[in-house]
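Everything on this sheet refers to the single structure shown next.
The values are calculated or read from the model by the stated rules, or taken from the named source; none is laboratory data. Just so we're clear, the structure is a prediction, and the values are computed from it rather than from any experiment. FYI the Cβ positions are ideal-geometry reconstructions off the backbone, even for glycines, and counts take in every protein chain you see.
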Amino acid sequence: MEKLPLRGEIDDKYKWRLEDIYTSDELWEKDFILINDKYSEISKFKGHLKENGENILKLFTFENEISQVLEKLFVYARMRRDEDSNVSRYQGMSGKVESLITNVMTVSSYVTPELLSIDEEVLRNFVTNTLGLDLYKFKIEEMLRVKKHILSEKEERIMAMSSDATQTGSDVFNMFNNADLRFPAIKDENGDKVELTKGRYSVFMESKNSKVRKDAFNAMYKTYGKFKNTITACLVGNIKSDKFNAEARNFESSLEDSLSSDNVPVAVYDNLINTVSKNLDKMEKYMEIRKHKLNMLRINMYDLYVPIVDVTDKKYSYEEAQKIILEALKPLGKDYVEKLQEAFNNGWIDVFENQGKKSGAYSWGCFLSHPYILLNWQGTINDIFTLAHELGHAMHSYYSNSNQPYVYADYKIFVAEVASTVNENLLFEYLIRNTTDIKEKAYLINHYLEEFRTTVFRQVMFAEFEKITHKMLGDGEALTCEAMCDIYYRLNKKYFRKHVNINKDIAYEWMRIPHFYTSFYVYKYATGFSSAVAISRNILEGKEYALDNYFTFLKCGGSNYPMDILKIAGVDLNTSKSIDDAMLVFEENLTRFKELA
C-alpha cells in the first residue's frame, strides 16, 4: 500500500522557506516575549484620546507596531502547524499566539468606543489638523460607518475576551479534519490498495474506472458519516458563535453582520443566489451533455468530476507547470512575470502532500514577509490551474503590501478571488490558443465549464446552504444533523435536476467543507469569478487602460471599500450584469464544447 511520505522525506526545494519569517523557533519565542511584555502599554492612552489628535496618532502608530509582529508570530506558527499537524510543538505555539491575540484585543477594546464617543465634527477636525493622522482618515470614517454596531467599552472588552472561546467549533473541526481523521484504503485502477486521503480523493474522482470513483465516494462520505454528531456539533457551534456576535452587535442577522465588514448590502448576496437560480437551466444542459458523453441514463454524484474527453490522462511535473504559467501570464507584463519567477525560485511555495499536512491549497503570509503558497501537488491539469489561482492571490498580496501602508495593506476577502481567477482565465485562454488538437481543446473547454460549475454554481449552492442554516438558527429552529443533511440533499436536487442521481451519501458532504467555518465566505468565489471574466477579457482584448486599471486594483489593498475598488477595474456588482454576463460566457462555452466534442 502506497503511503504518504513524512515531512522529512520531501526534498527541501519543494518546501516553502518559513525561515524567511523566522530563522529559528527561538527568535519566534523572543518576539512572543517582547509583544507579551509590551502590548499592555496600549492601555496608557485610555481616557486621553479625546484630548487631541496627537494622542490618537501615537496610539495608532503603537498598535501598528504591535500588530505587525503579532501577525508575523501568528502566520509562522500556523503555517508550521499546517505543514505537519502531527508536530505538537507548533500546535502549542499556535495556541499561545491565539491567546496573545485575544489579550491584545481585550486591552485594545476601549479604543473604538472611546474614539466614537468623540463628537464626529471634532474627530474629523483632529484628522484634518494633526500632521500624520490623515493617513488614518479612511480607517476613522469606517469606524463612524459602523458606529451603531460598536458597543460600550465594557461590552467590547467582553466581546474581545470571548473571541478565543467562540472559535472552539472551528478549532476542533480543523484538528479533527486535518490531524485525526483517517480514511480506508481502496483499490486504484491497477487493483493496488492505496490509502484514501483528501488530496487523493480528487484524483480518484477523475478516474475513468467508475468502480474506483464509487469506492472513493463511498469511503469518503461513510467515514464522515461515522462522525456526523461530532461534526454537527462543531458547525452548529460555529453558527451559534456567529449568531451571538450578530445579536450582540445589533445586526438583524449573521449574514448582515458578515457582509457589513465589506460594506456589501445583503441584496448583493440575495441577488447572486436569485440570478444563479434563474440560470439553472444552463447547468441542466451541461449535465445532459455529461450524461450523454458518459453513455449513462443518469449520472451519479461521483461522476461529476471524471473528464468526458479522453485526452487528459497526462500528468505534469511541477517544473512543467511553472513554464506553462510563466507563458500564460505574460499578458500581465514583465514585472508580474519576474515576480512569478521569484516565487518559484525563492521558497514561496510548499508543493507536495505529506503526512499531517493541511489539505487543499491556499496563499498566505504577513506584511513583513513575502507571500506563501501551500499546495498538495498531484500532477493533474487541475493542479496547474490551482497553482495559477494561488499565484494570483500571492501577487495580489505582493502588490498590495508593496504599495500600501500596513493599515491598508490587507485587502478584503470580497475582492480576494478576483486576481486568482483572472490568472485562471488567462491560463485557460493560453492553453486553448496553443493547441491544435481538437480533443485537447474540447478537454480544456470542459475544464473551464467545470471551473465555472464549481466556482459559481457549486459555491452559490454552498452560499444558499449557509443562508438557510443560519436563518433557521436565527429563527429559533433546531439545527440537527438530520435537518442539515436534508437541506443539503434538497439543494443538490435543486441545482443538479433531472439528469443526475442524487446519491444519498452526498447529504454528508457539508461535513467536509472547511469554508463553512468562515461563514458567508464562499459566495465571494462566485462574485470574484464573474468579475474576473470581465477583467481578463478586457486585458486580452487590449482595451484601453484595462491593464493599468487592473494593476491599480491590485495595488489598492484595503484603502477603500471593495465594491468601489472593483469599479476601478471596471466591474459594478450593484447590478446583476456581471453575473448575467458570466452566465452568457458559460453558455457560449457549452456551445463551443458541443461543436468540438
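Quick rundown of the values:
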quantity: Residue within segment 448-458 that is in contact with a strand residue (DSSP E or B) (Cβ under 8 Å, 6 or more places away or on another chain), assigned to a helix (DSSP H, G or I) and surrounded by 16 or more Cβ atoms within 10 Å (Cβ to Cβ) present; calculated: no
quantity: Residue in segment 436-452 that is among the β-branched types (Val, Ile, Thr), assigned by TED's automatic domain parsing to the domain that holds Val264 and under 30 Å from Phe138 (Cα atoms) present; calculated: no
quantity: First in segment 118-131 and under 19 Å from Lys46 (Cα atoms), second anywhere and of a type in the set (Phe, Trp, Tyr), Cβ under 8 Å, 6 or more apart; calculated: Ile118/Phe126; Val127/Tyr136
quantity: Number of positions in segment 62-77 that are in contact (Cβ under 8 Å) with a residue 40 or more places away in the chain and surrounded by fewer than 17 Cβ atoms within 10 Å (Cβ to Cβ); calculated: 2
quantity: Enumerated helices (runs of 4 or more DSSP H) restricted to segment 104-165, each holding at least 3 residues that are within 32 Å of the chain's Cα centre (by Cα); calculated: 111-116, 137-145, 153-162
quantity: Residue within segment 535-542 that is in contact (Cβ under 8 Å) with a residue 40 or more places away in the chain and either part of a loop (DSSP other than H, G, I, E, B) or closer than 29 Å to Ser170 by Cα (or both) present; calculated: no
quantity: Lys187 vs. criteria of a type in the set (Lys, Arg), surrounded by fewer than 18 Cβ atoms within 10 Å (Cβ to Cβ) and touching an Asp or Glu at 6+ places or on another chain (Cβ under 8 Å); calculated: yes
quantity: Close pairs (6 angstrom Cβ cut-off, 6 or more residues apart or separate chains): closer than 21 Å to Ala361 by Cα and buried (at least 19 other Cβ atoms within 10 Å of the Cβ) in segment 394-419, of a type in the set (S, T, N, Q) and modelled with pLDDT of 95 or more anywhere; calculated: Ala394/Ser363; Tyr411/Ser400
quantity: Total residues in segment 345-359, condition among the acidic types (Asp, Glu) and either at pLDDT below 95 or in a loop (DSSP other than H, G, I, E, B) (or both); calculated: 1
quantity: Among residues of segment 198-223, those that are touching a Phe, Trp or Tyr at 6+ places or on another chain (Cβ under 7 Å) and either among the aliphatic types (A, V, I, L, M) or surrounded by 20 or more Cβ atoms within 10 Å (Cβ to Cβ) (or both), counted; calculated: 8
quantity: Subset of segment 188-207 (residues that are under 14 Å from Glu353 (Cβ atoms), assigned to a loop (DSSP other than H, G, I, E, B) and in contact with a strand residue (DSSP E or B) (Cβ under 6 Å, 6 or more places away or on another chain)); calculated: Leu196
quantity: Yes/no for Leu479 being outside any helix (DSSP H, G or I) and in contact (Cβ under 8 Å) with a residue 60 or more places away in the chain; calculated: yes
quantity: Residue list for segment 543-562, filter: in contact (Cβ under 8 Å) with a residue 60 or more places away in the chain and of a type in the set (Ser, Thr, Tyr); calculated: Tyr550, Ser559, Tyr561
quantity: Criterion violated by Tyr336 - all others in (1) in a loop (DSSP other than H, G, I, E, B); (2) of a type in the set (Ser, Thr, Tyr); (3) surrounded by 19 or more Cβ atoms within 10 Å (Cβ to Cβ) satisfied; calculated: (1)
quantity: Evaluation of Leu368 against (1) touching a strand residue (DSSP E or B) at 6+ places or on another chain (Cβ under 9 Å); (2) not in a helix (DSSP H, G or I) (one fails), failing number; calculated: (1)
quantity: Leu131 among the hydrophobic types (A, V, I, L, M, F, W, C) and surrounded by 13 or more Cβ atoms within 10 Å (Cβ to Cβ); calculated: no
quantity: Scan of segment 532-543 for residues that are closer than 13 Å to Ile568 by Cα and either surrounded by fewer than 18 Cβ atoms within 10 Å (Cβ to Cβ) or basic (Lys, Arg) (or both), ordered by number; calculated: none
